[in-house]
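Following: one structure in structure tokens, then a few remarks.
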């Protein structure tokens, strides 16, 4: 079948091509939007990425063009209006797990880079400055790490921080499950109050939108560190900036941003920053931002490609993918 791949990136195309045996791919570098939906004309299927807009209006256009299948190259699907997809009888599937290790390891990398001031230290060395002032970190051993969201990624994160000798607090709306490492299931308020480091691994839903906000930040242990490799909308950025400026939060490691759609996955080096909130956030000395790259390992890209092709192959052959969302 003809498949239009939106938000196609050079780093993933070779993986998709390697796995593909029977489909014709039309690669579109632009994001799916009201303006670009017409580019899917003639396609039976559309492959999305996290930045794409699969809202009702866009879905209406795709359905009118003859699109029958929608597969997103991500685990999250908050960018897809599932209610509208269902009403239009478009089949939709995702990649439920590509590499929880990739994302959890990146979260830990952010923790250690912030803790040991690695970015500042490396910059000093390049400037021939070997002074150690203001580079003091802390021992991870004995610290309390709070993990919000105990899915596959949160579970791997728990194993990693256990290896550092940390006490682990877990908050999740799902019933507790047994893990290979000792953890404590607690309320959200207790996790916020007792954690030295908080790592977010929850999906973005109406219930989790702005989970970290002015009110919840008041509960935090003063000077705690916040890590987010999940979804930018879990954090109210304006409230985060205020907390970073007052020291309520000592440092933040962010791989996502609530308004990242028009920023990440692009080279904007020759353009001015138009998002004042993001400009202020990235200017803070106690913030480390990466551009939604936590998933970016060869293993994850291979798994994403395999699952995406599996979804398409199954539909091509008249079957039902195990990754369909309803």
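The values are calculated or read from the model by the stated rules, or taken from the named source; none is laboratory data. Remember, it's a predicted structure, so these values are computed and weren't measured experimentally. FYI the Cβ positions are ideal-geometry reconstructions off the backbone, even for glycines, and counts take in every protein chain you see.
Filtered by the rule that a residue be closer than 18 Å to residue 93 by Cα and part of a strand (DSSP E or B), the range 1-57 gives 2, 3, 4, 5, 25, 45, 46, 47, 48, 54. Helices (runs of 4 or more DSSP H) fully within the range 76-135 that include at least 2 residues being closer than 30 Å to residue 324 by Cβ and modelled with pLDDT of 95 or more: 82-88, 100-115. Residue 136 satisfies every condition listed in (1) within 20 Å of residue 290 (Cα to Cα); (2) loosely packed, with under 15 Cβ neighbours inside 10 Å except (1).
The residues listed here are 154, 165, 137; of these, the one that is touching a strand residue (DSSP E or B) at 6+ places or on another chain (Cβ under 8 Å) and in contact (Cβ under 8 Å) with a residue 12 or more places away in the chain is 154.
Yes or no, residue by residue, for (1) farther than 25 Å from residue 74 by Cβ; (2) modelled with pLDDT of 95 or more; (3) surrounded by 14 or more Cβ atoms within 10 Å (Cβ to Cβ):
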{"position": "150", "(1), (2), (3)": "no, yes, yes"}
{"position": "154", "(1), (2), (3)": "no, yes, yes"}
{"position": "162", "(1), (2), (3)": "yes, yes, yes"}
{"position": "168", "(1), (2), (3)": "yes, yes, yes"}
{"position": "184", "(1), (2), (3)": "yes, yes, yes"}
{"position": "189", "(1), (2), (3)": "yes, yes, no"}
{"position": "192", "(1), (2), (3)": "yes, yes, yes"}
